[in-house]
Amino acid sequence: MSPLREDLPHVYPFRFVERTVEKRGPAEGRVRALVTAGGRRTEKGEALPPLTLVEVVAQAALLLEGGDPGIGRSGFLAGVSGFEFERTPVSGDLLDVDVRIAGVLGPIVRFEGTVTDGEGRRVCAGAVTVKKGAAA
Amino acid sequence: MEQVAELKGRVKALIVRQLKLEIDPETIRDDAPLFGDDASGLGLDSIDALELVLGIEKEFGIKVQDEEVGVKAFASVNALCEFIGSKAA
């Protein structure tokens with residue numbers, strides 16, 4: 001429920017998630033994102049491009065794990081898999097992003113995420129792989 | 001022996017399927033290193049290792065949570081089969 005300015009290194013216009021709604025585990029829970037009009041995050045000021053939704057899921061995962069600055073601030077997106085897009089969010093939509101850890105091996109973490117709109121309709125689902133630490 | 005050969009076949013098929021490799025599973029040598037720059041190996045990286053962990057969990061119901069264990073277990077097809085065999089025993 002707290003503001004996330006200290007929890008996530010991303011800043012506008014590359015910050016897509018707003019706040020943690022529910023935290024169910026070390027990196028499992030629900031994060032809320034707001035699609036805003038006229039920003040670079042929307043396409044022609046209205047629709048959120050599907051690839052941006054991948055970043056939404058990645059940022060939600062990072063935010064949920066971001067309680068530890070040493071982890072949250074030094075990870076990078078290493079892979080994207082199995083994404084299916086069902087709806088296109090538009091300006092004004094509130095999105096809920098549910099994230100859970102699917103697998104861990106050392107510094108490599110796979111998160112599964114599901115994005116739903118304010119009416120509970122699925123927007124997309126897929127997995128992102130994050131590698132903790134600086135890029136080689 | 002037949003069971004070992006069958007397990008190796010399943011492991012090789014799993015590697016190709018899980019990592020979306022465009023090779024014939026039969027061309028993977030049993031003792032070739034899966035990771036690293038060795039020309040005789042597959043040249044997999046740490047991201048691939050997590051893919052294999054998830055695939056092994058799904059296919060064989062075995063969890064690999066420790067990175068060091070993973071590195072040893074994933075040294076080659078032979079090592080991976082020994083690891084799976086030890087967990088299944």
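Structure above, values below:
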| item | result |
| --- | --- |
| Three-way shape call for the protein assembly as shown based on the alpha-carbon gyration tensor, with the a/c threshold at 1.5 | prolate |
| Long-range amide H partners of A:E18 with built H, under 5 Å | A:R32, A:A33, A:L34 |
| Charge context of A:R121, other residues only, Cβ under 13 angstrom, K/R +1, D/E -1 | -3 |
| Top positive-direction residue, dipole computed over the protein assembly as shown with Cβ charges, set A:G113, A:V35, B:F74 | A:V35 |
| Residue mean of other protein chain beta carbons inside 10 Å, B:42-53 | 4 |
| Global form of chain B, assessed from the alpha-carbon gyration tensor, a/c cut-off 1.5 | rounded |
| Unit charges on C-beta of K, R, D, E only; dipole of the protein assembly as shown, Debye | 680 debye |
| Nonlocal amide H pairs with A:V80, under 5 Å, H built at 1.01 Å | A:T129 |
| Average Cα contact separation per residue, region B:2-88, under 8 Å, 6 or more apart, as relative contact order % | 29 percent |
| ³J(HN,Hα), Karplus 6.51/-1.76/1.60, whole Hz, each residue of region B:10-16, x for Gly, Pro | 5, 5, 5, 5, 5, 4, 5 |
| Interchain or long-range residues, amide H under 5 Å from A:G118's placed H | A:L94 |
| At R0 = 41 Å, FRET efficiency that the Cβ-Cβ distance of A:Y12 and B:Q65 yields, to 0.05 | 0.65 |
| Order of B:F35, A:F76, B:F74 - criterion: other Cβ atoms within 10 Å of each residue's Cβ, fewest first | A:F76, B:F35, B:F74 |
| Exercise: per-residue mean of other protein chain Cβ atoms within 10 Å, A:126-133 | 1 |
| Cβ-derived FRET efficiency at R0 30 Å, B:D37 paired with B:E57, nearest 0.05 | 0.65 |
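Read-outs: derived from the displayed coordinates by stated rules, not from any lab. Bear in mind that the values here come from a model prediction, so they are computed numbers and not experimental data. In this analysis, Cβ positions are derived from the backbone assuming ideal geometry, glycine residues included, and neighbour counts consider all displayed protein chains.
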